[in-house]
Each structure stands twice: as structure tokens, then as C-alpha cells.
1. Students often forget the sequence filter, so: which lysines lie under 25 Å Cα-Cα from Lys35 once same-chain residues fewer than 8 apart are removed?
2. How long, wide and thick is the range 50-114, going by the Cα atoms along their three principal axes, in whole angstroms, largest first?
3. If R₀ is 41 angstrom, what is the calculated FRET efficiency for the pair Trp19 and Leu89, using the beta carbon separation as r and rounding to 0.05?
4. Note down the relative contact order for the range 60-115 as a percent, whole number, built from C-alpha pairs under 8 angstrom at least six residues apart.
5. Over all pairs of distinct alpha carbons, what does the Kirkwood formula give as the hydrodynamic radius of the range 38-81, in Å?
6. Give the calculated FRET efficiency between Gln33 and Asp61 to the nearest 0.05, with a Förster radius of 35 Å applied to their Cβ-Cβ distance.
7. Go through the range 61-71 residue by residue and turn each phi into a ³J(HN,Hα) via Karplus (6.51, -1.76, 1.60, θ = phi - 60°); whole Hz please, and just put x for glycine and proline.
Amino acid sequence: MKRTSWLALLLVVAMILCWGMGFFSLTEAQAQQKKATDLEGVKFDTGSSLADNIKFFVGKDIFVHLRSGKTVQGYVKSVGNGLLHLEKLAGKDFYDALIKIEDISAIEEKFRDMK
């Protein structure tokens, strides 16, 4: 009797493992079908100033890296007179930021998406 209980338990475990492997292989196949595609209209212009590059992203969400090492994420509201106005800051409800462009060391923007 004990032997049949162990065989039944072993059979159940084997079936669970086979089902799990099939589930994960299906997920891999689905992931392989998706490909990164370039987003239209998104670009950096290395021939222009940082302020001009940021102006291109008005209304879009960007990451701004400051010389202090801090990173701020938000939507570009406006750029002008050496200042950047970011609104809807990530992680801070109802906050905006006014940043001196000379304090910015880099910006990041999403260029590709999965389709």
C-alpha cells in the first residue's frame, strides 16, 4: 500500500513539473515574437544645445540627471532662459521642478518599445 502511495505521489509531482515547464516554454515563445521597434519622432540632435534638445520633448516624460548625482523624472512643461520646468514629478504627487539647464549633466528618453 505504501508503495502505491509513493508511486501516485511521484506521478503527481512529475505531472506538475511537466505542466510548469510547458507554461514557461510558452512564455519564452511569446517573448521571442515581440521585437523592439523605434518610436517615431524621437531623436537627439548632437549639433544642438542641451536646451534645444530638451525643447523637442515638451509634453513628454524624461529623466534628467543632475551634476549633483540626483535623477529627476517628469514631463517637460517648458524650456527657456536657462531653465527647465518639469511637471508631474515621479514619486511626488502635485510637485513641479524648476531646474537650471547648466546643472543638467544628461537626459534620458525612451527611443524604442516592444511590439
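Values in this text are rule-based calculations from the coordinates and carry no lab data. What you see is a predicted model; the values in this text were computed from it and never measured. Cβ sites come from the backbone with ideal geometry, for glycine too, and all protein chains shown count toward neighbours.
1. Lys35 reaches Lys43, Lys60, Lys110, Lys115.
2. 35, 26, 22 Å, listed from the longest principal axis down.
3. Values: r = 45 Å, r/R0 = 1.09.
Step by step, r from the Cβ atoms, then E = 0.35.
4. On the way: 99 pairs, mean separation 19.3, N = 56.
In percent, rounded to a whole number, it is 34.
5. Working: mean 1/r = 0.0866 Å⁻¹.
Hydrodynamic radius (Kirkwood, Cα pairs) of the range 38-81 is 11.6 Å.
6. Numbers: r = 27 Å, r/R0 = 0.77.
Computed FRET efficiency for Gln33 and Asp61: 0.80.
7. Each residue's phi maps through the Karplus curve to give 7, 9, 9, 10, 9, 9, 4, 6, x, 7, 10 Hz.
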